[in-house]
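Notes follow the structure.
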């Protein structure tokens, strides 16, 4: 799979037009994780009821999980605020999280005896694609969750 940054934070050529987008600035305090999940649920409910998009309970649950894991990592490893953008197209939900730490995370090797630090493994397992890139300040991580069950692509990291 080639790497292509088309400006939407995801890999590959994209013909998907984002039907709805919403951005949120999270303070980085202990309440920001719950706040981020709340924003995700409200965003998807608006997509389902206001825009009649096919957002299943599975997609809502997975989106909340991905938001929780990515915002938790941003809060844990990067000082300052966290920015989150949610986007939905006719086929997928994108969760985009920006934080101030430029270091790109890496999933650790599977180890059932390890307690904690499984967040990125979980995100990779439940998303269609995962794209990470360094920004002039910090990094941006985009996780794509399919609205419909499809074969999962592998995670791609943009070379530094």
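The values are calculated or read from the model by the stated rules, or taken from the named source; none is laboratory data. Just so you know, these numbers come straight off a predicted model, no measurement behind them. Note that each Cβ is placed from the backbone with ideal geometry, even for glycine, and that neighbours are counted across all protein chains shown.
The table that follows gives values for the structure above.
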read-out	value
The listed residue being at pLDDT 95 or above and more than 17 Å from the chain's Cα centre (by Cα), out of 46, 29, 61, 94	46
Criterion: under 19 Å from residue 130 (Cβ atoms), over 16 Å from the mean Cα position of the chain (by Cα) and touching a residue at least 40 places away in the same chain (Cβ under 8 Å) - qualifying residue of 40, 36, 78	78
Number of positions in the stretch 17-28 that are surrounded by 11 or more Cβ atoms within 10 Å (Cβ to Cβ) and either in a loop (DSSP other than H, G, I, E, B) or without any contact (Cβ under 8 Å) to a residue 24 or more places away in the chain (or both)	4
Within the stretch 81-91, considering residues that are crowded, with 22+ Cβ neighbours inside 10 Å and over 11 Å from the mean Cα position of the chain (by Cα), the one nearest to residue 25 (Cα to Cα)	82
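Conditions (1) buried (at least 17 other Cβ atoms within 10 Å of the Cβ); (2) at pLDDT below 95; (3) more than 25 Å from residue 17 (Cα to Cα), marked per residue:
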residue: 50; (1), (2), (3): no, yes, no
residue: 72; (1), (2), (3): no, yes, yes
residue: 108; (1), (2), (3): no, yes, yes
residue: 119; (1), (2), (3): yes, yes, yes
